[in-house]
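Quick notes on the structure that follows.
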Amino acid sequence: MISSPIWNMFEPANDFPLLKEVQNVDVSIIGGGITGISTAYFLKKAGLRVAVLEAGKIGMGTTGHSTGNLYLIIAELLSSLDSKYDEEIIKKVLKSRASALGTIEKIIQEKELDCDFSHQPMYLFSKDKADKIEKEISISSKLGISNAEVANDNFPFEAKKILKYPEQAQFNPFLYVTQLAHKIVSKECQIFQDSKVEEINKLDSGSYNLKTEQGSVFSRYLVHATHTPKGIDLKFDTTLGPYREYALAAKLNNDNYPSGIFWEYSGKEKFSFRSYKRNGQRYVMAVGKSYKVGQSQNNSELLESLESYLKEKFSVKEITHFWGGQNYKPADLLPSIGRKSEGENEFIATGFSTDGLIYGSLAGKIITDLITGNKNEFEEVFNPLRVNPVKSAKSFTKETLNVAKEFFKDHILGSSTEELQKLKIGEGKVMEIEGKKLAISRGDDESYRVVSANCTHLGCIVHWNDLEKSWDCPCHGSRFQPSGEVIEGPAMDDLFNVSDNNEQIIA
Ligand code: FES
């Protein structure tokens with residue numbers, strides 16, 4: 001089983017350059033996933049000069065770790081929106097998502113992208129919670145989603161109640177983003193990868209200057225297309241909950257690959273699955289339980305339960321891939337897309353939950369309209385400066401208390417240095433040595449990697465992820481390599497690497 005998403009196995013690595021010089025553009029975009037590349041596409045069309053800076057590889061961050069499903073409803077379901085918002089807002093959310101799906105389809109045709117796009121039905125079903133599905137059926141009908149229907153005939157899985165949304169869609173998100181990036185890259189639209197932004201400076205002139213290790217960009221406008229804003233931002237640090245879930249891809253012993261998008265709500269957890277075919281190779285993929293980053297005691301168990309689910313449903317020949325995907329759930333259920341603060345030329349797109357392929361594309365259009373001064377009918381609904389105290393109150397309190405609990409629990413509890421010798425290959429543990437909290441892990445070559453256990457974002461103590469071999473922060477979801485480099489999340493700086501700076505500690 002390979003630890004990698006399935007999406008990038010069909011094309012050679014993309015070859016965008018590293019930023020090595022000084023660039024002057026109208027808009028700089030941090031992040032080269034679906035949000036960043038869609039924004040670059042619209043801005044270029046509007047005649048603006050753009051530079052995209054991606055820390056890793058284009059399309060291989062959150063976009064390349066998603067499921068590739070495109071649907072009109074939201075992952076938290078319409079009933080959750082219905083409990084917080086009136087019909088007018090919910091209809092606007094649905095309309096915005098339909099328009100983004102239409103945009104994706106139009107771009108695929110216009111740019112002739114070969115990314116396995118197809119229309120597919122989407123099914124919500126349950127063996128034991130008919131009432132949950134019935135609620136969605138009734139809300140769908142109340143909202144006038146005309147094509148939602150109850151399905152029963154020939155449904156291939158055990159179910160008491162099934163809701164079908166025809167004409168949803170699927171694609172390969174990595175191929176969509178990388179091919180679109182290749183089609184738009186030009187003198188006016190420059191795209192760089194392996195170019196991590198290390199400094200963001202606001203100049204007296206009101207412009208922005210971004211610094212990478214080897215280059216620098218000056219721009220009038222700045223767009224954060226990084227899933228969650230980089231650095232410290234109290235509003236988003238307290239209202240976005242970082243979650244993670246695992247996905248598996250498998251080959252079957254027979255031809256019973258399912259057609260469509262399936263979300264099952266039987267038992268305690270939600271599972272989802274779909275199939276994927278390219279170059280004659282077929283796979284079924286499943287996604288399992290969502291958990292709060294850095295707060296799972298045993299990540300391997302999460303993958304095992306997903307594997308059991310897949311094997312119950314299908315005759316699995318071989319599990320070929322596994323990967324993890326991260327998402328940020330907003331307290332009021334709606335993403336934040338637009339101006340970061342009043343009067344500033346800095347824009348964000350965050351809080352997409354697991355619905356980011358559609359919201360990322362939508363964000364590209366909304367942010368472009370805000371920059372070019374065009375009215376966008378959806379800008380108010382997703383305005384980051386909106387105040388939704390009642391809608392957010394319960395979740396806000398929950399997320400903030402959770403962060404506080406993790407912070408204090410970890411700063412008070414200590415560990416013993418004797419445990420260092422007990423650490424096995426592939427394990428990691430936070431230990432207190434000479435009064436310092438250290439995050440210590442043991443690599444395949446038996447060597448110890450020692451980094452500071454204090455997350456560089458706001459100082460919470462990181463936790464070991466036994467499945468992905470990473471240090472994950474339970475507060476706002478930053479993740480780090482065993483050697484301390486930032487993988488994702490709001491943290492901009494790596495964990496301090498004690499191994500490289502003090503050999504005595506690991507002697
Ligand atoms: Fe905020 Fe770690 S991600 S303290």
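The values are calculated or read from the model by the stated rules, or taken from the named source; none is laboratory data. Please read these numbers as outputs of a predicted model, since none were measured by experiment. We place every Cβ from the backbone using ideal geometry, glycine too, and count neighbours over all the protein chains shown.
Determine whether region 187-195 contains at least one residue that is among the hydroxyl-bearing types (Ser, Thr, Tyr), more than 16 Å from the ligand (Cβ to nearest atom) and surrounded by 23 or more Cβ atoms within 10 Å (Cβ to Cβ).
Yes, the conditions are met somewhere in region 187-195.
Among the residues of region 478-488, which ones are under 19 Å from Lys437 (Cβ atoms) and under 17 Å from the mean Cα position of the chain (by Cα)?
Once the filter is applied, which keeps residues that are under 19 Å from Lys437 (Cβ atoms) and under 17 Å from the mean Cα position of the chain (by Cα), region 478-488 yields Ser478, Arg479, Phe480, Val486.
Considering each of Gly484, Gly443, Gly489 in turn, give the residue that is within 16 Å of the ligand (Cβ to nearest atom) and modelled with pLDDT under 90.
Gly489
Can you pull out every residue in region 289-317 that is within 23 Å of Lys251 (Cβ to Cβ), of a type in the set (Asp, Glu) and surrounded by fewer than 16 Cβ atoms within 10 Å (Cβ to Cβ)?
Glu304, Glu312, listed by residue number.
Go through region 446-481 and count every residue that is within 12 Å of the ligand (Cβ to nearest atom), hydrophobic (A, V, I, L, M, F, W, C) and not in a loop (DSSP other than H, G, I, E, B).
3
Can you tell me how many residues within region 244-258 are of a type outside the set (Phe, Trp, Tyr) and either assigned to a strand (DSSP E or B) or under 24 Å from Ser290 (Cα atoms) (or both)?
Within region 244-258, residues that are of a type outside the set (Phe, Trp, Tyr) and either assigned to a strand (DSSP E or B) or under 24 Å from Ser290 (Cα atoms) (or both) number 9.
Just to be sure before I move on: is Asp255 modelled with pLDDT under 95, in contact with a Cys (Cβ under 9 Å, 6 or more places away or on another chain) and over 30 Å from Ser140 (Cβ atoms) in the structure I sent?
no
Could you list, in sequence order, the residues of region 58-71 that are modelled with pLDDT of 95 or more and surrounded by fewer than 24 Cβ atoms within 10 Å (Cβ to Cβ)?
Correct list: Tyr71 only.
Has region 411-418 got at least one residue that is among the hydroxyl-bearing types (Ser, Thr, Tyr), modelled with pLDDT of 90 or more, in contact with a Lys or Arg (Cβ under 8 Å, 6 or more places away or on another chain) and more than 13 Å from the ligand (Cβ to nearest atom)?
Looking through region 411-418, none of the residues is among the hydroxyl-bearing types (Ser, Thr, Tyr), modelled with pLDDT of 90 or more, in contact with a Lys or Arg (Cβ under 8 Å, 6 or more places away or on another chain) and more than 13 Å from the ligand (Cβ to nearest atom).
Where residues in region 425-440 are surrounded by 20 or more Cβ atoms within 10 Å (Cβ to Cβ) and of a type in the set (Gly, Ala, Ser), which of them is farthest from the ligand (Cβ to nearest atom)?
Looking at the filtered set, the residue picked out is Gly428.
Given (1) closer than 20 Å to His476 by Cβ; (2) surrounded by fewer than 21 Cβ atoms within 10 Å (Cβ to Cβ); (3) modelled with pLDDT of 95 or more, identify the lone condition not met by Tyr359.
Among (1) closer than 20 Å to His476 by Cβ; (2) surrounded by fewer than 21 Cβ atoms within 10 Å (Cβ to Cβ); (3) modelled with pLDDT of 95 or more, the lone unmet condition for Tyr359 is (2).
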